[in-house]
Amino acid sequence: MPAYVSRPAVALGGHRVSVTDIEDDIRPTVDPRSMGVVSRLLNAVQVETRYFTRPLTDPLFSAPAGIAERNRAAFDECLGLAADAARQALAHARLSPEDIDAVVTSHTSSWQCPGLAVRLIGELGLRSDVRRVEMGSLACVGGAQGLAKAADHVRAHPGSRALVVVAEKLSTSYHRSETTKQSIIYKGLFGDGAAATVVSAEPLGPGLRLHATLEYLLPDSRNAYWGAIDEAGFHFDSTDAATRAVTRVMPRVLEWLRTEDVRPDFAVVHPGGPGILHQAADALGMTDSDLAPSWECLRHIGNIGGPAVLDVLARVYDRPPASGATGLVLGFGPGFTTTALHATWHENRPSFIPPHTRGSDTETASGARPAGAGG
């Protein structure tokens, strides 16, 4: 049974940050003789702009800010972005909060109990009996994994509608005084954002029809990249294994595609960095232009973690493929984890969207961005 994805919505942090802004911010902490290397590292990730929830002048980016303050700010600001994206996604699908049967969330860059799904129920006015699938520690794979789990729910509960919401404040890992090679790369790469979409048993408009999913953990790959917490807050780190991980994963993805008898016409690939996109394109026999939406996302908003693949998907909705075209959604994350989804593009348009029956599991339903956002 297929599941249908409505147009995703994306909400970004309100503060545009350029490469020059980052250079100026960290210059006082860097040996002047090393600034040329720093600039090359920042530009090598090919992110022209990213969006933070706070300006670089905010005290939270200074070393004295600790884990408690950073964590509280990260969660509250992610909740705000998540609610904005979710409201836009419901509007795209022409649904009200009462029409949602399940909420699937992914959030990694802060911790709070109760978590994002419970808080969104109150923020959005979702039904109290809505099912919750709340995922943490997924980071960059969260968007693809959210689609997979929502599709699983829709198949298990015919006629249902699942709201997928993914939010990350990766700027919480920005520490001005840290100037290692990896910290400089992540300063240039990461941004803040949230994305949301509705996955339903029946089409709510043109878009992706999901057919099958693959979840794969690359053996012995925990040293590729990871997140960690210390007294100063949240950090991302990686080793050279991260630069080879996608190449090692893609043979398994291709084997799965052959099993599904699929040759994708288009691909929605997580824009984790230039290396990830080049490796994925090479393995799929595609060019950089075939992955244009992923490259656009990377250049204009950076890697915003799990929400990024939904931003790429929103760009595909802006320039849709031909009806019936076969697609592949690819997400990668720490672990080294991969989630892949086989999809086709459909042009089905419902003649109407019937009202939902509260609590029903069986009824069948026939990238706006906030001000200051880029892309």
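The values are calculated or read from the model by the stated rules, or taken from the named source; none is laboratory data. Because the structure is a prediction, the values reported are computed rather than measured. When we count neighbours, we look across all protein chains shown, and the Cβ atoms used for this are built from the backbone with ideal geometry, even at glycine. The accessibility values were calculated without ligands, DNA or RNA, using every heavy atom of the protein model including side chains. Shrake-Rupley method; radii C 1.70, N 1.55, O 1.52, S 1.80 Å.
At-a-glance table
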read-out: Residues satisfying the stated conditions in the stretch 200-220, i.e. touching a helix residue (DSSP H, G or I) at 6+ places or on another chain (Cβ under 6 Å) and either open to solvent by less than 30 Å² (accessible area, probe 1.4 Å) or assigned to a loop (DSSP other than H, G, I, E, B) (or both); value: ALA201, LEU204, LEU210, LEU214, LEU218
read-out: Among (1) open to solvent by 30 Å² or more (accessible area, probe 1.4 Å); (2) in contact with a Gly (Cβ under 6 Å, 6 or more places away or on another chain); (3) more than 24 Å from ASP84 (Cβ to Cβ), the one test that ARG40 misses; value: (2)
read-out: Residue pairs meeting the criteria (Cβ under 6 Å; at least 6 apart or on separate chains; first open to solvent by 70 Å² or more (accessible area, probe 1.4 Å), in the stretch 242-270; second in a helix (DSSP H, G or I) and not basic (Lys, Arg)); value: THR243/GLY275; THR247/GLN279
read-out: Every residue from the stretch 272-286 that is under 27 Å from MET135 (Cβ atoms) and buried (at least 19 other Cβ atoms within 10 Å of the Cβ); value: GLY272, GLY273, ILE276, LEU277, GLN279, ALA280, LEU284
read-out: Matching residues, the stretch 38-61, being of a type in the set (D, E, K, R), closer than 24 Å to GLY233 by Cα and over 24 Å from the mean Cα position of the chain (by Cα); value: ASP58
read-out: Residue in the stretch 13-30 that is under 16 Å from the mean Cα position of the chain (by Cα), at pLDDT 95 or above and under 26 Å from GLY233 (Cβ atoms) present; value: yes
read-out: Output for the stretch 287-326, where each listed residue is surrounded by fewer than 24 Cβ atoms within 10 Å (Cβ to Cβ) and of a type in the set (Asp, Glu); value: ASP288, ASP290, GLU296, ASP318
read-out: Single residue of the stretch 165-191 satisfying the filter (crowded, with 24+ Cβ neighbours inside 10 Å and part of a loop (DSSP other than H, G, I, E, B)) that is farthest from the chain's Cα centre (by Cα); value: TYR174
read-out: Hits in the stretch 61-78 (condition: surrounded by 14 or more Cβ atoms within 10 Å (Cβ to Cβ), of a type outside the set (Phe, Trp, Tyr) and closer than 14 Å to GLU178 by Cα); value: ALA65
read-out: Failed condition for ALA93, given (1) more than 18 Å from the chain's Cα centre (by Cα); (2) open to solvent by 10 Å² or more (accessible area, probe 1.4 Å); value: (2)
